[in-house]
Structure formats: structure tokens, C-alpha cells
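The values are calculated or read from the model by the stated rules, or taken from the named source; none is laboratory data. Note that the structure is a prediction, hence the values are computed from the model and not measured. Don't worry about glycine lacking a Cβ; one is built from the backbone with ideal geometry, like all the others, and counts go over all protein chains shown. Accessible surface is based on the protein model in full, side chains and every heavy atom, while ligands, DNA and RNA are left aside. Shrake-Rupley method; radii C 1.70, N 1.55, O 1.52, S 1.80 Å.
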Amino acid sequence: MKAPIGSPMDVYVPHPRGVGVFLASGDVARMAASPMKLGREAELLVAARARWVAIWVESPDGAPRRASLATVQRVADGLRGFGLGVSVWSFPRPGEAARAGQHLGRIATAIGAELAILDVEDPDGARGPLDWEADHARMLVDATIEELRERTMLAVTSYPGRVGHGLPWGELAAGIGMPQVYGTADRPQSAAAAVRSWRDVHGAVIPITSLRSPGAQHANVDAAQLRARMSAIALEDVTAIALWSWALLRVSLEHRAAVAAWSDARAW
């Protein structure tokens, strides 16, 4: 897959195929706790027909919180032992953009990740001006790319429409775009428009949907709605999608079975 013309990642590199699942910080901590726990989690992922995972590296809450290379390497090695592909993702603070990009890039290179994913959103979700500025975005992208090698492609994920929210969209250059088409996937036409808007800029897309119900803190959509969301974002030229998150999927046999059946039906 070739990055858009002029992209700082203007090289051919492989990227994930099929269904992927994002691992949150708690997932990473649980898997890293022991080889036995990691093996059980990997078996569940494989049974759900997941083909790749995105391992958490950093979040803006707290100090902020960061995973060490040793922790990410342990999880990556264990999951690869079950045939799963591995990417890494980071949700950085704007004020620590350069350091966060460097941290993600170094880990991605060290473990040979397929994707280094930058999650660029408002870190506190508070009303008022967005914290991200163009300089922050440039520093984040440049610092990440500086640490990457050709085996790893840069990806950016954010709000579904790729417009508004006060984000410096033009500075977020990446070979892969990953729109967060969560509840938007309940409206297939809107979901398709969002995916296409990202594809027009990035060239390749891996849309993401969620198990969460709109506005719900602790409720998941039912299995049929999850399958419908997956179908809404898996457009004709989309070869991979992702789910948020493993913490939600692992606790429901019904949802894991739904993902497996959906993947089997598409021969993914």
C-alpha cells in the first residue's frame, strides 16, 4: 500500500488485514501479568477471528500513563505466538507531543509493529478551545516518523468526519487513516461518507467501530447491531476494520461469536 503523494511515509509497506481489536491499558496490564493469562486472552482473540491487535502505549490521564517497551514487547511476543499481527497506539497530550511521538515510534520500531497509531483527540473532553495546535500536530507526527523504519506505517485516528473539532487536520499526515465511526456506524450512509472522507486524504483507511451504545457508560450494543456496524464500515475497498475495545469484547461470548461469524462470512 502506497501512502498519499507527498506523505512523509511515501513507501510501500504492509498493513493489517481483517478484523483488529484495540487493547486498552487494562488489557495490556492483564496480559503482561503472566504467560498463562496472556495465552488465555490470545486464544479468545483467535476464536473471535481477530487477525491483529493494537497495543496501548500511552494515555493523557494521570502522569500521563505510559507502557514500557518491556511490557509491550512481552505482550507483542505472546500474541504473535498465536499468529496475531501487532500494532501499537498512543493517545498523547498536546503539550508532550514530541516526547509522546518519540516514545511511540521507538516502541513500534523495537517490536516491529505494522502500524504506529496516533490517536489525536481533545485529551480532556472539556468544553472550550481544543488543546491541539498546528505546531503540536507537526511535532507529534515528525517525532514519531523520525523513530520509525520502513516496516512500520504511521496511522492517525480521530473523530469520524475528519472536519471540525478545532483539530489541525492538515498537519496530521499519515499513510493510514482510521476514522472512529462508532455510533455513526448505526447510520450507514453517514458511516460511508465518513470513511470516504478519510480515504480521500489518506489513501488507505481502517475504520473503527465500537461495542458501546450511544451515550451509554456501561451498556454494549447487542450482537446484531455490532454486526450491522461492522458491515456499515467495511466498504468495498476496505480490507481491515478495528473494534474498540478488547475490554468490552472479551467479556461477551455472544459478541465474540458474532464477530467470528461476520469474519467467516466475508472470508476475512
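Going by what's in this entry, would residue 28 be described as modelled with pLDDT of 95 or more, under 30 Å from residue 132 (Cβ atoms), under 18 Å from the mean Cα position of the chain (by Cα) and not in a helix (DSSP H, G or I)? Show your work before the answer.
Numbers: modelled with pLDDT of 95 or more: yes; under 30 Å from residue 132 (Cβ atoms): yes; under 18 Å from the mean Cα position of the chain (by Cα): yes; not in a helix (DSSP H, G or I): no.
No; evaluated as a whole, the condition is false for this residue.
Take residue 95 and tell me if it is in contact (Cβ under 8 Å) with a residue 24 or more places away in the chain, out of contact with any Gly (no Cβ under 9 Å at 6 or more places or on another chain) and at positive phi. Outline the logic, then answer.
Values: in contact (Cβ under 8 Å) with a residue 24 or more places away in the chain: yes; out of contact with any Gly (no Cβ under 9 Å at 6 or more places or on another chain): yes; at positive phi: no.
Judged against the criteria, residue 95 is not a match.
Is it fair to say residue 34 is among the hydroxyl-bearing types (Ser, Thr, Tyr) and open to solvent by less than 10 Å² (accessible area, probe 1.4 Å)? Show your work before the answer.
Values: among the hydroxyl-bearing types (Ser, Thr, Tyr): yes; open to solvent by less than 10 Å² (accessible area, probe 1.4 Å): no.
For residue 34, the condition - among the hydroxyl-bearing types (Ser, Thr, Tyr) and open to solvent by less than 10 Å² (accessible area, probe 1.4 Å) - is not met.
Test residue 42 against the criterion of being assigned to a loop (DSSP other than H, G, I, E, B) and closer than 19 Å to residue 251 by Cβ, and give yes or no.
Spelling it out, it is not the case that residue 42 is assigned to a loop (DSSP other than H, G, I, E, B) and closer than 19 Å to residue 251 by Cβ.
Going through 138, 106, 149, 74 one at a time, which residue ends up being touching a helix residue (DSSP H, G or I) at 6+ places or on another chain (Cβ under 6 Å), open to solvent by 50 Å² or more (accessible area, probe 1.4 Å) and closer than 22 Å to residue 246 by Cβ?
Numbers: 138 fails: closer than 22 Å to residue 246 by Cβ; 106 fails: closer than 22 Å to residue 246 by Cβ; 149 fails: closer than 22 Å to residue 246 by Cβ.
Being touching a helix residue (DSSP H, G or I) at 6+ places or on another chain (Cβ under 6 Å), open to solvent by 50 Å² or more (accessible area, probe 1.4 Å) and closer than 22 Å to residue 246 by Cβ holds for just one of 138, 106, 149, 74, which is 74.
Does residue 113 count as in a loop (DSSP other than H, G, I, E, B) and closer than 25 Å to residue 45 by Cβ? Break it down into steps so the answer makes sense when it comes.
Details: in a loop (DSSP other than H, G, I, E, B): yes; closer than 25 Å to residue 45 by Cβ: yes.
Spelling it out, residue 113 is indeed in a loop (DSSP other than H, G, I, E, B) and closer than 25 Å to residue 45 by Cβ.
State the number of residues belonging to region 112-133 that are modelled with pLDDT of 95 or more and either at positive phi or surrounded by fewer than 21 Cβ atoms within 10 Å (Cβ to Cβ) (or both). First the steps, then the outcome.
Here is the first cut: in region 112-133, the residues modelled with pLDDT of 95 or more are 112-120.
Filter once more, so that each one left must be either at positive phi or surrounded by fewer than 21 Cβ atoms within 10 Å (Cβ to Cβ) (or both): 112.
Here the count works out to 1.
Scan region 237-251 for residues that are in contact (Cβ under 8 Å) with a residue 40 or more places away in the chain and more than 20 Å from residue 179 (Cβ to Cβ) and jot them down.
Going through region 237-251, the residues in contact (Cβ under 8 Å) with a residue 40 or more places away in the chain turn out to be 238-247, 249-250.
Matches in region 237-251: 247, 250.
Conditions (1) of a type in the set (Asp, Glu); (2) out of contact with any helix residue (DSSP H, G or I) (no Cβ under 6 Å at 6 or more places or on another chain); (3) open to solvent by 10 Å² or more (accessible area, probe 1.4 Å), marked per residue:
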| position | (1), (2), (3) |
| --- | --- |
| 208 | no, yes, no |
| 219 | no, yes, yes |
| 222 | yes, yes, yes |
| 235 | no, no, yes |
| 238 | no, yes, no |
| 247 | no, no, yes |
| 253 | no, yes, yes |
